[in-house]
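Input: a single structure, listed below in structure tokens.
Derivation of every value follows stated rules applied to the coordinates shown; laboratory data play no part. As the structure is a computational prediction, the values presented were derived from the model and not from experiment. Cβ placement follows ideal geometry from the backbone for every residue including glycine, while neighbour counts extend to all protein chains displayed.
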There are 2 protein chains.
Amino acid sequence: MAEPPFRTIAIVGVGLIGGSVGLAARATWPGVRVIGIDARDVLVSAVALGAVTDTAGDVSAALAADLIVLCAPVAVNVATLAALAPRLGPDAVVTDVGSTKRDIVAAAEAHGVHGFVGGHPLAGAETAGVEHARADLFEGATWYLTPTARTRGTLYERLHRLLSQIGAHPAAIDAETHDRLLATVSHLPHVLANVLVAQAARTRTEEDEPLPATGPSFRDITRVAGSNTAIWRDIYLANADALLDSIDDALARLTAFRATLADGDGAAIGAWNDAARDDRRRLLEGDLAGGEVCELRVSVPNRPGVVAEVALALGRAAINIADMALYPAPDRSSGYIILWIAGAERAAQAEALMADLGLPVSRA
Amino acid sequence: MAEPPFRTIAIVGVGLIGGSVGLAARATWPGVRVIGIDARDVLVSAVALGAVTDTAGDVSAALAADLIVLCAPVAVNVATLAALAPRLGPDAVVTDVGSTKRDIVAAAEAHGVHGFVGGHPLAGAETAGVEHARADLFEGATWYLTPTARTRGTLYERLHRLLSQIGAHPAAIDAETHDRLLATVSHLPHVLANVLVAQAARTRTEEDEPLPATGPSFRDITRVAGSNTAIWRDIYLANADALLDSIDDALARLTAFRATLADGDGAAIGAWNDAARDDRRRLLEGDLAGGEVCELRVSVPNRPGVVAEVALALGRAAINIADMALYPAPDRSSGYIILWIAGAERAAQAEALMADLGLPVSRA
């Protein structure tokens with residue numbers, strides 16, 4: 001077994017992400033010491049799970065570690081960093097796992113914490129508790145790191161090695177680019193979901209009619225509406241300028257489509273919709289190895305367990321499902337499954353497996 | 001077996017919906033005659049499935065039926081209605097299944113087709129072909145009907161009876177209200193999905209950085225991006241004014257949130273997010289019997305078939321899943337399942353079943 005890049009790791013905020021870091025580190029290097037810092041009841045769970053070896057209620061305890069991982073909401077991490085800054089040793093390495101990066105990178109700079117490298121694993125959900133922590137949470141996950149011109153190479157290398165060895169794929173990105181990208185692919189979608197449910201709820205009140213069964217597109221687009229307020233208020237505020245740019249871009253695009261629609265320009269609407277189809281396909285392909293993403297539509301009849309049969313058949317064949325969507329019939333017991341499979345050959349194999357199960361399947 | 005409300009049904013456009021009407025009618029009344037009118041290759045499939053008993057390539061063949069169901073895209077249905085109008089007998093009943101209702105209701109009025117009642121089943125997807133047709137597609141589905149002041153009661157009653165007997169829940173709504181509701185819960189979500197993928201694709205090009213793995217919120221909200229252009233161009237155009245209103249409302253809400261965000265007003269952002277959470281919950285509850293919807297978060301480890309295990313366990317217990325979402329880890333083999341279960345008691349039962357499977361579960 002390789003020597004651990006850090007012998008003592010302090011985790012400030014032991015939720016899903018922090019707990020999983022602890023579990024993964026301990027699974028990789030059984031001798032590693034993991035100090036959990038959080039509220040008492042959280043630490044009881046963390047100890048029971050084996051996510052931490054030591055516990056503390058005060059952030060000062062983190063000073064005993066050679067790696068400090070800040071795993072609380074963004075604003076809390078910034079405050080913790082400021083509080084620890086004057087007492088950090090010259091070789092202390094500090095990182096975080098927050099969804100926005102400029103604030104904390106700027107705070108590290110302002111407080112002269114040159115041992116800080118920002119991080120953001122694209123895994124898990126910030127709202128979940130330590131009871132969901134898992135040693136394999138980061139297996140295959142992109143883990144952004146935001147080194148700056150001041151970052152010492154040896155420090156970055158140690159952190160990179162830690163993350164690689166617990167299964168993540170570290171990727172360097174500057175904090176500015178990170179925040180702009182996340183504004184588009186995560187923060188704006190949350191805002192739009194909130195806008196849509198507000199509009200729909202108001203329609204219902206005004207119309208004095210029940211809303212129709214909200215179809216799959218409405219459920220998909222509003223699934224993240226009203227996500228954990230404490231977390232998301234922080235994210236919106238921390239990334240306000242990038243999110244404002246993203247909102248402005250969305251307003252401009254929506255206004256442009258509005259004009260096309262008001263003109264009744266069918267050809268332009270068609271071209272716009274075709275472009276969206278191409279964009280979606282390319283974005284999905286970009287996420288994956290395996291080339292072209294094929295969309296399969298599988299009809300599932302009204303019999304129990306059929307979704308399970310589909311999942312099992314594909315699982316046994318080790319077919320990688322890029323994405324899936326269920327379009328249940330109103331009684332929820334039947335409907336369609338749309339499967340996006342990377343690679344024409346794998347898709348053909350999936351198609352054959354569905355046919356073997358007697359399920360009608362077609363390519364979109 | 002009850003006497004069929006119609007002895008001969010003509011289906012103009014035999015796709016998923018048309019084919020399922022044929023299958024359902026024939027399953028309910030084996031003696032019913034179903035005339036399918038469509039392209040030759042479509043009719044070959046429809047006959048093989050048993051969805052139709054007779055076939056024709058020309059819409060005139062529909063005149064032999066006592067019920068004509070228009071199941072093509074909206075604009076085609078309007079044209080077909082206009083073509084048939086002068087030759088329809090006084091007792092002919094005509095309906096349609098289009099996603100927008102004012103156009104065809106107005107066309108029926110303009111052409112004096114007083115035997116017309118517009119319809120829209122909230123089941124299936126317009127883009128799917130006849131090979132996915134099923135006799136039970138409408139089981140439990142809301143089927144909107146748009147009678148007008150001129151609609152004869154006997155005619156409406158026969159159509160209502162047909163739909164009830166094939167398992168649907170007919171519900172009267174005026175065409176105007178229908179189109180306004182659908183603009184909010186279906187058409188606008190499609191527009192926003194297109195806007196988001198366009199923005200994300202442009203970000204990627206400009207940044208010269210690969211987009212990050214697009215998280216679950218992005219995949220959820222953009223799943224319907226670029227849906228079938230022929231169908232959706234028609235829907236957007238047919239419902240342009242209601243959709244314009246819906247877009248204007250979204251622009252106003254997004255602009256208001258933009259102002260709050262620019263002010264950095266954390267309390268207002270929090271209140272806005274809390275309201276969205278409440279709105280989503282109430283909208284989901286409105287769709288369902290069974291009262292309060294509970295959200296369960298189930299962690300699923302990195303082992304094949306675990307999603308299937310979850311589905312089977314809930315299926316065996318006949319627990320009604322209002323909605324579900326998969327949040328896969330980057331390697332797609334593990335992650336979370338969020339289950340929305342109607343009724344606190346059923347949710348508790350589901351929670352216990354997940355615990356029996358050894359899967360960590362918590363309530364949101």
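Here are the numbers for the structure shown:
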quantity: Two-site label geometry, residue B:44 and residue B:285: point separation in nm, points 7 Å out along Cα→Cβ; calculated: 5.4 nm
quantity: Peptide-level mean, for A:225-234, of C-beta atoms on other protein chains within 10 Å; calculated: 6
quantity: Label geometry 7 Å along the beta-carbon vector: residue B:31 inter-copy distances in nm; calculated: 8.8
quantity: Cβ-vector label at 7 Å, residue A:256, separations to other copies in nm; calculated: 2.7
quantity: Over chain A: helical MRE at 222 nm, DSSP H runs n ≥ 4 each giving -39500 (n - 2.57), nearest 500; calculated: -15000 deg cm²/dmol
quantity: Sequence of A:6, A:218, A:116 once ranked by neighbouring C-beta atoms within 10 Å, starting from the fewest; calculated: A:6, A:218, A:116
quantity: Cα→Cβ-extended label distance, 7 Å offset, between residue B:60 and residue A:245, nm; calculated: 6.5 nm
quantity: Degrees between helix A:153-165 axis and first principal axis of chain A (Cα, 0 to 90, nearest 10); calculated: 50 degrees
quantity: Fewest-first sequence of A:362, B:60, A:45 by Cβ atoms within 10 Å of each Cβ; calculated: B:60, A:362, A:45
quantity: Those residues of region A:227-267 whose amide nitrogen sits under 18 Å from the label point placed on residue B:79, 7 Å along Cα→Cβ; calculated: A:265-267
quantity: Residue A:278-residue B:164 FRET efficiency (beta carbon distance; Förster radius 60 Å; 0.05 resolution); calculated: 0.90
quantity: Computed label-point distance, nm, for sites residue A:156 and residue B:27 using a 7 Å Cα→Cβ extension; calculated: 6.2 nm
quantity: Helix B:188-207 axis, angle to chain B major axis (alpha carbon atoms, nearest 10°); calculated: 50 degrees
quantity: Fewest-first ranking of B:91, B:136, B:174, A:245, using other Cβ atoms within 10 Å as the exposure measure; calculated: B:91, A:245, B:174, B:136
quantity: Per-copy distances of the residue A:292 label point, shortest first, in nm (7 angstrom along Cα→Cβ); calculated: 5.1
quantity: Overall form of region A:1-146 per C-alpha gyration tensor (a/c, 1.5; a/b vs b/c); calculated: rounded
